[in-house]
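See structure below.
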Amino acid sequence: LSELAPRIVSFEYDVYQATLGLRGQVFDGWSYDTYLQVGANDQTNKGFGAALTSRIEELTFAPDGGVSICGGFNPFGRESISAECAAYIAVDGTDRASVDQTILEASLSGPLLQMPAGELRAAFGAFYKKDKFFFSADPVARVFLPDGRADIVGFNASDDIEGEDDNTDLYVEASIPLLADRPGVRSLEAVVGYRYSDYASAGGADAYKAELLYRPVDALRLRSSYQHAVR
């Protein structure tokens, strides 16, 4: 409806993220790395220039043509809707949404044993993540007519949405030296890893990998990898 002026949507975002971590040595050759990260994304969406179906139909089907409400409603022709009737059917709305995330991870890495080609090194870790989301629609966007149509026209109708999910992971990874300083083999090592994830919404999932790293000379390294990941 041109009499209501152009439809305009304004998006505003407030985003923050903070991370605090610690690194250090626990004993000979072994180190730890841990961090906590929190963040949020808050959104405000304002819409201008929409209309209400219920009021348009109220004026359209009024016995007096809407004269008693806003002076009379004529939907036909250019600039036919009066300012009073345009103000009566017009509506603005504001939707709000937020995503909050918390991550906590701690790992421990170091040498397990000495092998002929070098140290067998391993890493162990635990990971936790929680996501929360909510969407709060403007009250006018949540109104539906008896026949199921949305009352608002010009912007999408929606209901409120809210939910959260979290997962806890445990993982281990090992680097195994196979050969070193041989003819045609500067180094050859295998890397294996396994992660178990427990999702509050979906249960447990396994992820794993196996890699072969081959360095014929210092300037060149080739990698072959097989991985199975679940997210």
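Observations on the model:
- Test: Ala150 is under 30 Å from Leu1 (Cα atoms) and at pLDDT 95 or above: no
- Qualifying residue in segment 95-114 (condition: outside any strand (DSSP E or B) and modelled with pLDDT under 95): no
- Selection from segment 82-117 of residues that are open to solvent by 40 Å² or more (accessible area, probe 1.4 Å) and under 25 Å from Phe134 (Cα atoms): Asp92, Arg96, Val99, Asp100, Gln101, Thr102, Leu104
- From the options Phe76, Phe27, residue that is under 39 Å from the mean Cα position of the chain (by Cα), modelled with pLDDT under 90 and open to solvent by 70 Å² or more (accessible area, probe 1.4 Å): Phe27
- Applying the criterion of being under 38 Å from the mean Cα position of the chain (by Cα) and open to solvent by 70 Å² or more (accessible area, probe 1.4 Å) to the residues of segment 48-70, the residue that is modelled with the highest pLDDT is Arg55.
- The residue that is farthest from Ser10 (Cα to Cα), among those in segment 42-57 that are part of a strand (DSSP E or B) and polar (S, T, N, Q), is Gln43.
- The numbered conditions (1) free of Cβ contacts under 8 Å to residues at least 40 places away in the same chain; (2) open to solvent by 70 Å² or more (accessible area, probe 1.4 Å); (3) aliphatic (A, V, I, L, M) are all true for Ala190 except (2).
- Exactly one residue out of Tyr171, Tyr199, Tyr128 is open to solvent by 60 Å² or more (accessible area, probe 1.4 Å) and of a type in the set (Phe, Trp, Tyr), and it is Tyr128.
The values are calculated or read from the model by the stated rules, or taken from the named source; none is laboratory data. Given the structure is predicted, the values throughout are model-derived calculations rather than measurements. Backbone-built Cβ (ideal geometry, glycine too); neighbour counts: all protein chains shown. To get the accessible areas, we keep the full protein, side chains included, count just its heavy atoms, and leave off ligands, DNA and RNA. Shrake-Rupley method; radii C 1.70, N 1.55, O 1.52, S 1.80 Å.
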